Amino acid sequence: MFWWRKEVRPGISVAFSDDDAGNLALHVADNPDDVMARRARLEASAGLGERHFQFMNQVHGKTVAFISAHGEGPTADAMVSTGQPLAVMVADCVPIVLLGEVPHEPNGTTPVLAVVHAGRPGVAADIVSATITEMRGHGAASISAWVGPSICGECYEVPEQLRADVAAVVPETWSTTSWGTPALDLPAGVRAQLEALDVTVEYAGECTLETPQLYSYRRSQQTGRFAGLVWTHE
Ligand SMILES: [Zn+2]
């Protein structure tokens, strides 16, 4: 069900699902009833009770949506909430889960949660910084990141011009495949963007293409989507 799962702060968990949880996306020509049943099973495993993960309609854009109540998914590639459980779907793109805390007297905190879908366009457009700005707008301090499994810099082959274009904006993405052709290292680009904004990376996931239990679009274009998840316990 969960490739990786951890209670990262008291009462707050982060997880990334695997192929046992199954395809969680409605947009990949799967049976919608089956997808919704899998999402319900995932929510039960996470202990959400009556609550639901908020999914979004991801379009490789730069829109960050603030989620105050569960509802129809926004068209966005990042979401921020102050407690609503959030989900981001991927199969090679970089799923990022973020957590910040709003300190208040005498010694309590309110969590600020976020998820980000960072594919090649999102890394080039720096959707990471747009999301951090939104979180800090809600008072989040001391933000940490969990960077989930995604295709690695030795596997993600791209045309030479594309490598040049993206690396011109985010130099850390410049890479070469293990077989010697031009590539992009999106996880390295994301890490650079996070660290430039003083965000601590607490976890970095494996390569999806090299891990059979994780969905990879480059391995099979008829593939599902796994999810990066964050939720508060209740
Ligand atoms: Zn790889």
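The values are calculated or read from the model by the stated rules, or taken from the named source; none is laboratory data. Worth saying up front: this structure is predicted, and the values here are computed from it rather than measured. In this analysis, Cβ positions are derived from the backbone assuming ideal geometry, glycine residues included, and neighbour counts consider all displayed protein chains. For the accessible areas, the whole protein counts, side chains as well, though only heavy atoms, and no ligand, DNA or RNA atoms are used. Shrake-Rupley method; radii C 1.70, N 1.55, O 1.52, S 1.80 Å.
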Can you tell me how many residues in the stretch 123-157 are among the small types (Gly, Ala, Ser), away from the ligand (no atom under 16 Å from the Cβ) and over 11 Å from Val112 (Cα atoms)? 5
Starting from the stretch 147-173, keep only residues that are in a helix (DSSP H, G or I), then list their pairs with residues that are within 14 Å of the ligand (Cβ to nearest atom) whose Cβ atoms are within a distance under 6 Å, requiring at least 6 positions of separation or different chains. Arg163/Leu184; Val166/Leu184; Glu172/Ala188; Thr173/Leu184; Thr173/Asp185
Can Pro111 be described as in a strand (DSSP E or B), under 23 Å from Thr63 (Cα atoms), within 16 Å of the ligand (Cβ to nearest atom) and not β-branched (Val, Ile, Thr)? no
Here the qualifying pairs (Cβ atoms under 8 Å; residues six or more apart or on different chains; first in the stretch 20-34 and farther than 20 Å from Trp3 by Cβ; second in a helix (DSSP H, G or I) and open to solvent by 70 Å² or more (accessible area, probe 1.4 Å)) come out as Leu26/Pro32
Being more than 14 Å from Glu154 (Cβ to Cβ) and in contact (Cβ under 8 Å) with a residue 24 or more places away in the chain is the filter here, so list the residues in the stretch 176-195 that pass it. Gly189, Val190, Arg191, Gln193, Leu194
Residues (open to solvent by 60 Å² or more (accessible area, probe 1.4 Å) and within 16 Å of the ligand (Cβ to nearest atom)) located in the stretch 175-203: Ser178, Trp179, Arg191
Tabulated pairs, the stretch 62-91, first closer than 18 Å to Val14 by Cα, second among the acidic types (Asp, Glu) and crowded, with 16+ Cβ neighbours inside 10 Å, C-beta under 7 angstrom, 6+ apart or interchain: Val80/Glu134
Please state which of the following conditions Glu134 fails to meet, knowing it meets all the rest: (1) assigned to a loop (DSSP other than H, G, I, E, B); (2) under 16 Å from Phe66 (Cβ atoms). (1)
